[in-house]
1. Over the stretch 1-46, with the other protein chains present, what is the accessible area per residue in square angstrom, probe 1.4 angstrom?
2. Out of the chain, which GluC sites (Glu not before Pro) are coil in DSSP terms and have no more than 15 other C-beta atoms within 10 Å?
3. Could you size up the charge dipole of the stretch 7-63 around its Cα centre, putting +1 on the beta carbon of Lys and Arg and -1 on that of Asp and Glu, and report it in debye to the nearest 20?
4. Considering only lysines 8 or more places apart in sequence, or on different chains, count the pairs in the chain whose C-alpha atoms sit under 30 Å apart.
5. Note the listed values [x] 42, 29, 18; [y] 41, 31, 22; [z] 37, 24, 17, then indicate which one is Cα extents along the principal axes in Å calculated from this particular structure.
6. Using a 1.4 angstrom probe on heavy atoms only, work out the carbon and sulfur share of the accessible area of the chain in %.
7. Could you tell me which residue out of 40, 53, 4 lies farthest along the dipole of the chain toward its positive end? Charges go on the beta carbon: Lys and Arg +1, Asp and Glu -1, centred on the Cα centre.
8. Which distance in nm do the two modelled labels at residue 31 and residue 52 give, with both placed 7 Å along the Cα-to-Cβ direction?
Amino acid sequence: RRKNLEFYNEMIEDFQTKDRFDLVLSLTTLEHMPNAKASFDRIFSLMKDNGIIYLTVPNKLWPFESHYGL
């Protein structure tokens, strides 16, 4: 266990902190955001200067759609 590593798993709109982050992970969440622009504005406001966002999104051409098992 790393002492300088913490994970948060909650809606970005509800997340409250005074901290700023080096790294933000957004793993296949874009399609679930009711207002993606507002969500990403919030994400970017929480990042340190030169912070990194790792973003993944579903690919409609992928052979298996994970939400519905298509």
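1. That works out to 88 Å² per residue.
2. 6, 10, 13, 65
3. I would put it at about 140 debye.
4. Total qualifying Lys-Lys pairs in the chain comes to 6.
5. So the structure-derived entry is [y].
6. 56
7. Of the options given, the answer is 4.
8. Taking the two extended label points, one gets 2.6 nm.
The values are calculated or read from the model by the stated rules, or taken from the named source; none is laboratory data. The shown structure was predicted, so the numbers you read here are calculated from the model rather than taken from an experiment. Cβ: placed from backbone, ideal geometry, glycine included. Neighbour counts: every protein chain shown. Remember, those area values only see protein heavy atoms, side chains included, never the ligands or the DNA or RNA. Shrake-Rupley method; radii C 1.70, N 1.55, O 1.52, S 1.80 Å.
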